[in-house]
Every structure is written in structure tokens, then in C-alpha cells.
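Student: One structure is given below, represented as C-alpha cells, and several questions about it will come after.
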Amino acid sequence: MKKFLRLLAAQLFAAMFLLAAFSGPARADTPQSDAELAAEWQAAWDTYRFYDSAPPPSPGSGQSREKAMISVEIDAPVEQVFDKYSNINNHIGMHSFLKRVVTHNDRLQAGTRYIDFTAIEEIPYEGAIVTSKTHAQQRIDRAALKYETDTWSLPGVVTHQKIVFEEVDGGKTRVTEQLVFDADTSLIDFVVTNGVASHQATQAALKQAIESGQL
């Protein structure tokens with residue numbers, strides 16, 4: 001029964017995703033201009049305020065929250081790892097779906113760097129390519145060697161990410177990602193499973209790229 005419900009949730013997510021996504025020629029772009037994407041980002045921000053992770057969804061709301069934590073050790077100095085890892089543009093090609101990042105605003109405020117952006121992803125689905133847009137804000141605190149990223153994407157999936165960098169023995173760096181997922185209750189297992197797997201794949205790719213000198 002649990003397996004059936006998970007499959008049903010996955011199918012529901014896929015159906016909603018297809019309805020919301022752009023269907024057209026397979027390409028890494030969207031039909032919207034960067035200015036139009038910025039307007040979409042602002043509308044999503046004003047509507048959902050996805051930077052705010054408290055309070056959790058109330059009982060009976062139909063929404064659920066789950067948390068996860070993953071980490072990786074990278075054989076490189078902590079400052080170097082932080083600079084490479086926190087640059088979202090370096091994630092392009094590391095994440096199998098991420099094709100482009102559109103930066104809408106990049107500013108420094110009270111020692112924290114705020115970056116508003118939209119990530120463009122191409123996701124294979126039943127022989128077609130679905131283009132997805134994820135709106136996000138990243139807040140980088142280099143002095144504390146940490147950053148946070150909050151995202152919103154259809155169908156109403158919100159993630160809260162806190163990434164901390166620590167120097168460990170041998171001049172290595174431990175990167176710990178604290179992840180919080182908010183989604184419709186029927187989709188939460190699907191969202192968490194795929195979200196964690198995606199972050200783990202990106203961690204592994206960034207580790208290899210930094211240690212090899214590719215980044």
C-alpha cells in the first residue's frame with residue numbers, strides 16, 4: 001500500500017509538473033526573457049515568502065515538512081571550498097538537470113551577500129524534455145563560512161537549505177547541508193527522496209571537481 005501511495009504521489013507530481021512547465025522544443029532556455037523571469041521571481045517571492053521556514057505547516061493544512069542532513073569531506077582548504085561551492089554558477093553541469101542560472105539581483109547588506117536568481121532545469125520525462133524554473137534566494141556569509149538558499153517551484157514545493165563549511169584534520173573541509181522540504185502531503189515523500197538524491201549527486205560532483213582542480 002505504501003509503495004502504491006508513493007507511486008501515486010510521483011504520478012501526481014509529474015502530472016502537475018507537466019501542466020506547469022513549458023512544453024516545446026528541447027532547449028536550455030525558456031520562452032520568457034530574463035526580465036520576465038525576474039517578474040516571475042518577484043511574484044513568487046511576494047506570494048510565498050519562501051525564505052521564511054517558520055512555523056511548520058499546521059495539522060490538516062494538507063502540507064507537510066520533512067528534514068534531512070547530508071555531508072561530504074573535500075580534500076582542499078576551507079576558504080577555497082567555500083568560494084567554489086557557494087558559487088551557484090559552479091553547480092551548472094554538476095547537477096544533471098541544471099542548465100542555466102539567471103541572476104536578478106546581487107547585493108551586499110550588513111556583511112551578507114544576497115543573490116536572487118532563477119535556476120533553469122531540463123528534466124527528461126517519458127521521452128520528452130520538461131523545462132522547469134526554480135526561484136531562489138541565496139544569502140552568503142563568508143565571514144562565518146556558511147550560506148543559506150531558499151527555493152520555490154511548482155507545484156508549491158519549498159526548500160530551505162543551510163550549508164556550513166568546517167575545517168577538519170589534514171586541511172580538509174567538511175560541508176554539511178541541512179535541508180528542509182515543504183510540500184503537499186501527498187508529494188512529500190517523493191520530494192524528499194528526489195531532493196536528497198539530487199543534493200548528494202551535486203555534492204559528489206563538486207567534490208570531484210574541486211579536488212581535481214577542475215574548479
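Student: Using a Förster distance of 22 Å, how high is the FRET efficiency between Ala43 and Thr112, based on the Cβ-Cβ distance and rounded to 0.05?
Tutor: The pair Ala43/Thr112 has a calculated efficiency of 0.35.
Student: Oh, and also: Out of these labelled values of Rg/Rh (Cα atoms, Kirkwood Rh), (1) 0.96; (2) 1.09; (3) 1.06, which was calculated from the coordinates shown here?
Tutor: Of the listed options (1) 0.96; (2) 1.09; (3) 1.06, (1) comes from this structure.
Student: Counting only heavy atoms of the protein chains, get the accessible area per residue of the chain (1.4 Å probe) and round it to a whole Å² value.
Tutor: Per-residue accessible area for the chain comes out at 52 Å².
Student: Quick one: how many Å² of Asp106 are accessible to a 1.4 Å probe, rounded to 10?
Tutor: Accessible area of Asp106: about 80 Å².
Student: Oh, and also: For the residue pair Ser33 and Gln214, what label-to-label distance in nm results when each label sits 7 Å from Cα along the Cα-to-beta-carbon direction?
Tutor: It works out to 3.6 nm between the two label points.
Student: Leaving out same-chain residues fewer than 8 places away, which aspartates and glutamates sit with a Cα under 13 Å from that of Lys146?
Tutor: Within the straight-line cut-off, Lys146 pairs with Glu79, Asp83, Glu166, Glu167, Glu177.
Student: Which aspartates and glutamates have a Cα less than 14 Å from the Cα of Lys99, not counting those fewer than 8 places away in the same chain?
Tutor: Asp29, Glu121, Glu122
Student: Compute a Gaussian network model of the chain, connecting alpha carbons closer than 10 Å, and tell me which residue from Ala144, Ala38, Ala68 fluctuates the most.
Tutor: Ala144
Student: Next question. Over what distance in Å are the Cα centres of region 63-130 and region 164-192 separated?
Tutor: Computed from Cα coordinates, the inter-centre distance equals 12 Å.
Student: Let me ask you something else. Under 17 Å from a point 7 Å along the Cα-to-Cβ line of Arg139: which residues of region 103-118 have their amide N that close?
Tutor: Once the point is set 7 Å along Cα→Cβ of Arg139, 105-117 turn out to lie under 17 Å by backbone N, inside region 103-118.
The values are calculated or read from the model by the stated rules, or taken from the named source; none is laboratory data. Just so we're clear, the structure is a prediction, and the values are computed from it rather than from any experiment. FYI the Cβ positions are ideal-geometry reconstructions off the backbone, even for glycines, and counts take in every protein chain you see. SASA here: full protein model, heavy atoms, side chains in, ligands and nucleic acids out. Shrake-Rupley method; radii C 1.70, N 1.55, O 1.52, S 1.80 Å.
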